[in-house]
1. Quick one: if you stick a label point 7 Å off each Cα along the C-beta vector at residue 55 and residue 92, how many nm between them?
2. Angle check, please: helix 57-67 long axis (alpha carbons) against the longest principal axis of the chain (alpha carbons), in degrees 0 to 90, nearest 10.
3. Can you tell which of 33, 53, 66 lies farthest toward the positive end of the dipole of the range 21-70, using +1 and -1 charges on the Cβ of basic and acidic side chains (Lys, Arg; Asp, Glu)?
4. Defining a contact as two alpha carbons under 8 Å apart and six or more residues distant in sequence, what relative contact order in percent does the range 1-51 show?
5. In whole angstrom, how far apart do the alpha carbon centroids of the range 215-268 and the range 1-53 sit?
6. Carbon and sulfur: what percent of the chain's accessible surface (1.4 Å probe)?
7. Looking at the chain only, what percent of DSSP beta bridges run antiparallel? Nearest 5 please.
8. How far apart, in nm, are two points set 7 Å out from the Cα along the Cα-to-Cβ line at residue 170 and at residue 290?
Amino acid sequence: MNILITSAGTRGYLIRYFKKILRENGKIFAADCSKYAPALYDADNYFIIPAVSNENYINELYKICLKNKVKGVISLNDVELPVLAQHKSKFMDKDIKLVVSDPETIDVCSDKYKTFKFLKENKFPFAKTFIALNEVLMEIKSKTIKFPLLMKPRKGSASIGIKKVFNIAELRDKFEEKKFIIQEFLQGDDYGVDVFCNSDLVPISIFAKRKMRIVAGEADKEVTVYDDKMIDYIKNMTGKLKLYGPGDIDLIKRGNKYFISDINPRFGGGYPLAHTVGADFPKKIIGLIKGKVLEADFRRYPDNIVMMKQYEIVIKNFNNISEK
């Protein structure tokens, strides 16, 4: 069985995880819009494809899958997910599974104001969130929120474009309605949770980590934390969200409450730590693609296992590398 991972980027470890499971029973292909994505060269074969904004993106991906007998596709990029979700049936007609949630779920995750509304409607704790400047100013005047506030792109990724705002003048100067949201700043401990949901859209595996250090919006150092309350919270939330496959949830713990700050319906950057303590989401994905019934696997994992990231160097002679 052959699997294609798109937007491979720098996540060579994921390619290697999949290859270790499949061994001689299939191939792992990788695709990216840049030949300078180092993870491409960990795969059995690679493809340079148009960016997701290109009108030929889906057709090129489709042709690669047909030509190479691909049975499953996984994307590692937030921007690709809405497009892939809209075209799931096109691939399914050829017995190719896109391991991506349905468009409605992707929409809730990719739009931070819709994430806020989902949390509010389902009575989960949330940070107050606004899309209109006058609403924020009224809340400030009534002293129900206070500075600093966070200004975030309404549809953003990897913490790009997030700014902390300290006064009304700065807020008026920087805020653009429809493009950004304003959110109260919640001080607390940051956590990342890796979750996996089966074909019934039910969470079956959850691993939580406390973020010790964050660099460029991604955890650079994390430590495992086993917390029954947090795990039950994520079970409840992802069950209502109807997530499919891997997910990455960012939370802030403030007192005894957990506040969700981001829901990413894909592999998270901290997944290797969960994998090391027993998650094995690649094995579960292969099970999904094969149509297997995946049972709950909420294993007790050890606390205090630390992940520390370091850079790997990849050097290639591009005189001998083709753009396929």
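The values are calculated or read from the model by the stated rules, or taken from the named source; none is laboratory data. For clarity, every value in this text was computed on a predicted model and none was experimentally measured. All Cβ positions, even for glycine, are placed from backbone atoms using ideal geometry, and neighbour counts span all protein chains on display. Side chains are part of the model used for accessible areas, which takes the heavy atoms of the whole protein and leaves out ligands, DNA and RNA. Shrake-Rupley method; radii C 1.70, N 1.55, O 1.52, S 1.80 Å.
1. Rounded to a tenth, the inter-label distance reads 2.7 nm.
2. For helix 57-67, the angle is close to 30 degrees.
3. Value computed over the given set: 66.
4. Dividing the mean separation by the residue count of the range 1-51 yields 41 percent.
5. Value for the Cα centre distance between the two parts: 26 Å.
6. Of the solvent-accessible surface of the chain, carbon and sulfur hold 48 percent.
7. Roughly 75 percent of the beta bridges in the chain run antiparallel, per DSSP.
8. The answer from the label model is 5.4 nm.
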